[in-house]
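Any read-out appearing in this document is the output of simple, stated calculations on the displayed coordinates, not a laboratory observation. From a predicted model like this one, the values you see are computed outputs, not experimental measurements. Here the Cβ is made from the backbone with ideal geometry for all residues, glycine too, and neighbour counts use every protein chain on show.
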Amino acid sequence: MTTTLETATAEWSLWSVTARIVVTRPETVAAARERAEAFLAQVERACSRFRPDSELMLAQLAAANGVAISPLLADLVEAGLDAARLTDGAVDPTVGGLLDALGYDRDISALVPAAGNDRGDDARHTVVVTRQRPDWRTIRLDRTAIGDRLRMPAGTRLDLGATAKAYAADRCAAMLNEELDAGVLVCLGGDIATAGPAPHGGWRVLVQDLPGDPAQTVGLPAGAALATSSTVSRRWRHHGISLHHIVDPRTGTPATTRWRSASIAAATCLQANAASTAALVRGDEAPAWLRRTGLPARLVGADGRVHTYGGWPSDGADS
């Protein structure tokens, strides 16, 4: 843990990323980490694709006829469906079967890594055969006073990983702010949420994907969120082909895109993550789409050039 005059930080490894919590009342940092770890463990038990005993993995076996699920899993499924609506299906929670077929059926740390200089051009030649094609509109989530029920076609496999991480960051920040009466920043990999008062000058956040990529430090105002999605930081080889985890639901394969990464600022981390993932999926269409959303955005091209939109603070980038 680290402490300054204004803030204290706790940091640990989680889900093959770095989890970080910053609080504006340094004396609360130990309690903040303990509470966050307990909540994030609940999220993992609810929706992990990599745990056969997770509630999601068990619920999918019976969901064709409708199955009762916990309020937490219902929240996480709803977050995935919200992201699909926000992006017109560019982010689709029903790509779990595709990711399994691509070999991403366990934690990324257990997969065969891609070569360090491999940008994954082979991904466009991948052919994926699954029982179900992605279609988030086939999911039925009924939330009533007597409980929550999930229904979806037999064989459908959900991947809630990205939206669950963003949802968890939002909820964790709000929870810690309320319980500890402190300003809070929660960072789970590239997903950042804040709640409560910010330190003097705002939350200072380094925006950078991999070491060596273009870097920029930006200020987040109190209550703002930011997410970065990447086609290069989670890569593996499957049957000799280099792949990444951003799946294009239209093709069923890893998105063929000219962007290395996309960073988006928004009111919630869920909204920011949905937009950053959708920008990578949309590829050449991303700049026009981002202009329509009005969200502050930063795209890094395969050539390393930075492009900014929607009032993202300039660092000499193209817009």
Taking the chain and counting helices only, DSSP H stretches of n ≥ 4 at -39,500 (n - 2.57) each over all residues, the nearest-500 ellipticity at 222 nm comes to -9000 deg cm²/dmol
Rounded to the nearest Å, what's the spacing between the alpha carbon centres of the range 138-191 and the range 267-319? Just the number, please.
-> 24
What distance in nm separates the simple spin-label points at S314 and H239, each placed 7 Å from Cα in the Cβ direction?
-> 4.9
Calculate, in nm to one decimal, what A62 and R137 gain on full extension: separation in residues at 0.36 nm each, minus their alpha carbon distance.
-> 25.2 nm
Estimated FRET transfer efficiency when R0 is 45 angstrom, pair R292-E6 (beta carbons, to 0.05) | 0.75
Rounding to the nearest 20 debye, state how big the charge dipole of the chain is about its Cα centre with +1 on each Lys and Arg Cβ and -1 on each Asp and Glu Cβ.
-> 680
Relative contact order for the chain using alpha-carbon pairs under 8 Å, separation at least 6, rounded to a whole percent?
-> 17
Note: probe point = Cα of A145 + 7 Å toward Cβ; backbone nitrogen < 19 Å; residues of the range 65-81 passing the test are 71
For the range 2-309, build the convex hull from the C-alpha positions and give me its volume per residue in Å³.
-> 131
Relative contact order [Cα under 8 Å, 6+ residues apart], the range 217-319, whole percent | 24
For the range 164-173, take each phi angle, set θ = phi - 60°, evaluate the Karplus expression 6.51 cos²θ - 1.76 cosθ + 1.60, and give the result in whole Hz per residue in order, putting x for glycine and proline.
-> 5, 5, 5, 4, 4, 5, 4, 5, 5, 4
Among I241, I192, I146, residue whose mean-square fluctuation peaks in a GNM of the chain (springs only between Cα atoms under 10 Å) | I146
Dipole of the chain [Lys/Arg +1, Asp/Glu -1 at C-beta], most positive-end residue of L81, A265, A41 = L81
Compare R33, R260, R305 in a GNM of the chain, Cα atoms joined below 10 Å, and give the one with the largest fluctuation.
-> R305
Can you tell me the relative contact order of the range 147-205? Whole percent, Cα pairs under 8 Å, sequence separation 6 or more.
-> 26
Picking from A19, A38, A182, which is most flexible by a Gaussian network model of the chain using Cα springs under 10 Å?
-> A38
